[in-house]
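Undergrad: This is the structure I have questions about; it appears just below.
The values are calculated or read from the model by the stated rules, or taken from the named source; none is laboratory data. Owing to the predicted nature of the structure, the values given are computational and were not obtained by experimental measurement. Using ideal geometry, Cβ is built from the backbone for each residue, glycine included, and neighbour counts are taken over all protein chains shown. Calculation scope for accessible area: heavy atoms of the full protein, side chains included, ligands and nucleic acids excluded. Shrake-Rupley method; radii C 1.70, N 1.55, O 1.52, S 1.80 Å.
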Amino acid sequence: MATEKPNSYLEKVRLKRIRNQEQIESLGLNNLSPAPRSKKQRSTATLSPNPSSNPPRRSSRRSKKPIEFVALDYEANALEKKIERRKAHKVIKKRKFDLGQQISPDKRAAFEAISSDEWLEDMKYYFSVVEDNSKSNVQRVMYTTKKLVSGHGVTHPQTQNTIWKNKKIHLGLDFRQMLDEASEWVYENGGDRGNGWLVEHPIKKLWVYQQARAQNKNQQFIKKQNAE
C-alpha cells in the first residue's frame, strides 16, 4: 500500500519552529513570558470604575414597551404665552365686520322652519352661480357649514377646543352674534392661521346668504333661476 508523501510546506514550517525553540532555549529566554492573570484579577480590572468619567446613563424605558411620546414643556409654555398675548390684545386684534344691516328677529324666525337639506343646497347654488365664487371657496365654506349643521362644531387645531359642539345651527339664528362669538373664540385659542377659514369666514357666508334669502322674500335661488 502506497504511503502519502508529507506536505513539504508543512514540514518546513515544523522544522523552522523546532529551530526557533532550540534557539530560545539556548539563549535562556524560556522563563521570560508573563504569568497569566487569574480570572478574579481580570474581572476586577474590567469592572473598576474610572473616577474621571461620569456615571453611566440609564434609560427609563422598560424593555419590550412601546415608546411614549410626551409633549415638550417648552411647546406647551409657548402656546400658553401666545394665547395670553392674544387675550391681552383682543380688543385691538378682534376682527370687525360690516356686512350690512341685520335682518329683524321676525324674519329670522321665519327661516327656522326651512329644512337644512333645502337651504344647504340653495346656499351652495347661491355662492356658486349667483355670486360666482370659486369652486374651492364654496367647497370650504360648505364643509364647515355642514359640520355646524350636524352639531359637530369646529375644533381649534392648536388647543383642540371645540366651539358649538352638539349645537345644530339653522337658518334662523343670529349670525351677527355668532360671528362675534367665533372671533372671540378664535383669538382666545391662539388665532387662526387660515386667516378666517377656520370658522369666521363660513359664518360670514351664512349671514350673507341669510340676508340675500330675506331680500328674495324667502324664496330659493334655484327655483328663481329655473323660472327665468
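Undergrad: Taking interchain pairs and intrachain pairs at least six residues apart, which have beta carbon atoms under 6 angstrom, with the first residue in region 159-176 and touching a residue at least 12 places away in the same chain (Cβ under 8 Å) and more than 23 Å from Ser104 (Cα to Cα) and the second surrounded by 13 or more Cβ atoms within 10 Å (Cβ to Cβ) and of a type in the set (Val, Ile, Thr)?
TA: Ile163/Val154
Undergrad: Kindly indicate whether Val141 is in contact with a strand residue (DSSP E or B) (Cβ under 8 Å, 6 or more places away or on another chain), open to solvent by less than 20 Å² (accessible area, probe 1.4 Å) and in contact (Cβ under 8 Å) with a residue 24 or more places away in the chain. Even if it seems obvious, please write down each step before you answer.
TA: Details: in contact with a strand residue (DSSP E or B) (Cβ under 8 Å, 6 or more places away or on another chain): no; open to solvent by less than 20 Å² (accessible area, probe 1.4 Å): yes; in contact (Cβ under 8 Å) with a residue 24 or more places away in the chain: yes.
Criteria not met by Val141.
Undergrad: Looking at Leu171, Leu148, Leu179, can you tell me which residue is closer than 22 Å to Tyr126 by Cα and touching a strand residue (DSSP E or B) at 6+ places or on another chain (Cβ under 8 Å)? Show your work before the answer.
TA: Values: Leu171 fails: touching a strand residue (DSSP E or B) at 6+ places or on another chain (Cβ under 8 Å); Leu179 fails: touching a strand residue (DSSP E or B) at 6+ places or on another chain (Cβ under 8 Å).
Sole residue among the options that is closer than 22 Å to Tyr126 by Cα and touching a strand residue (DSSP E or B) at 6+ places or on another chain (Cβ under 8 Å): Leu148.
Undergrad: Right, here's the next one. Which residues, counting only those in region 194-207, are touching a residue at least 12 places away in the same chain (Cβ under 8 Å) and outside any helix (DSSP H, G or I)? Full working, then the answer.
TA: Taking region 194-207 first, the residues touching a residue at least 12 places away in the same chain (Cβ under 8 Å) are 196-207.
Within region 194-207, Gly196, Trp197, Leu198, Val199 meet the criteria.
Undergrad: Can you name every residue in region 156-175 that is surrounded by fewer than 16 Cβ atoms within 10 Å (Cβ to Cβ) and either part of a strand (DSSP E or B) or basic (Lys, Arg) (or both)?
TA: Thr162, Lys165, Lys167, Lys168
Undergrad: Determine, yes or no, whether Gln21 is surrounded by 10 or more Cβ atoms within 10 Å (Cβ to Cβ) and at pLDDT 70 or above. Before the answer, list the steps.
TA: Values: surrounded by 10 or more Cβ atoms within 10 Å (Cβ to Cβ): yes; at pLDDT 70 or above: yes.
So Gln21 fits the description; yes.
Undergrad: Going residue by residue through region 145-152, is there one that turns out to be outside any helix (DSSP H, G or I) and either without any contact (Cβ under 8 Å) to a residue 60 or more places away in the chain or surrounded by fewer than 14 Cβ atoms within 10 Å (Cβ to Cβ) (or both)?
TA: Yes, the conditions are met somewhere in region 145-152.
Undergrad: Take Ser183 and decide whether it is touching a Lys or Arg at 6+ places or on another chain (Cβ under 8 Å), part of a helix (DSSP H, G or I), open to solvent by less than 50 Å² (accessible area, probe 1.4 Å) and within 27 Å of Glu84 (Cα to Cα). Reasoning before the result, please.
TA: Numbers: touching a Lys or Arg at 6+ places or on another chain (Cβ under 8 Å): yes; part of a helix (DSSP H, G or I): yes; open to solvent by less than 50 Å² (accessible area, probe 1.4 Å): yes; within 27 Å of Glu84 (Cα to Cα): yes.
For Ser183, the condition - touching a Lys or Arg at 6+ places or on another chain (Cβ under 8 Å), part of a helix (DSSP H, G or I), open to solvent by less than 50 Å² (accessible area, probe 1.4 Å) and within 27 Å of Glu84 (Cα to Cα) - is met.
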